[in-house]
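Engineer: Input: one structure, supplied below.
The values are calculated or read from the model by the stated rules, or taken from the named source; none is laboratory data. Keep in mind that this is a model prediction, so the values were computed, not measured. All Cβ positions, glycine included, derive from the backbone under ideal geometry; neighbour counts span all protein chains shown.
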Amino acid sequence: MLFWVLIGYSQDTSFVKSAYGGSSITVPAGVTWQVDRVFVNNGTGYNIQIRNANFKSSYSSGEKIFVPLYIAEMELLDKKEEVFYIFYITQRKE
């Protein structure tokens, strides 16, 4: 029984977080985030995936993920004001 409890606490959690260009996201205490995929969007429902090379592979607790104000993929969007990013993140406990 203890084995199953330990597995439950050690499992990764995946979630989606969005942020506007030029902002930052702070990783909460006690966890590590891995950025799996990132998309740029302007509110029209059309997502453009951007390269993960624009971000570190993992962020520790207290670190900030700085969201670029401008990225080349934004040129493919119709409207370039109010652009936001959609992050697919895997969270692990430290």
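Engineer: Would you pick out the residues in segment 61-70 that are without any contact (Cβ under 8 Å) to a residue 40 or more places away in the chain and either closer than 15 Å to Val16 by Cα or surrounded by 12 or more Cβ atoms within 10 Å (Cβ to Cβ) (or both)?
Structural biologist: Result: Ser61, Glu63.
Engineer: Restricting segment 76-88 to residues that are farther than 17 Å from Ser23 by Cα and in contact with a Ser or Thr (Cβ under 8 Å, 6 or more places away or on another chain), which is surrounded by the most Cβ atoms within 10 Å (Cβ to Cβ)?
Structural biologist: Taking the candidates together, the pick is Leu77.
Engineer: Mind listing whichever residues of segment 34-56 are hydrophobic (A, V, I, L, M, F, W, C) and touching an Asp or Glu at 6+ places or on another chain (Cβ under 8 Å)?
Structural biologist: Val40, Ile48, Ile50
Engineer: Is it the case, given these coordinates, that Tyr20 is within 13 Å of the chain's Cα centre (by Cα), loosely packed, with under 12 Cβ neighbours inside 10 Å and at pLDDT 90 or above?
Structural biologist: yes
Engineer: Further question: Considering only segment 45-63, state which residues are hydroxyl-bearing (Ser, Thr, Tyr) and part of a strand (DSSP E or B).
Structural biologist: Result: Ser58, Tyr59.
Engineer: Something else about it: For segment 67-92, give me each residue that is among the hydrophobic types (A, V, I, L, M, F, W, C) and more than 10 Å from the chain's Cα centre (by Cα).
Structural biologist: If the condition is that a residue be among the hydrophobic types (A, V, I, L, M, F, W, C) and more than 10 Å from the chain's Cα centre (by Cα), then Leu69, Ile71, Ala72, Met74, Leu76, Leu77, Val83, Phe84 are the ones that fit.
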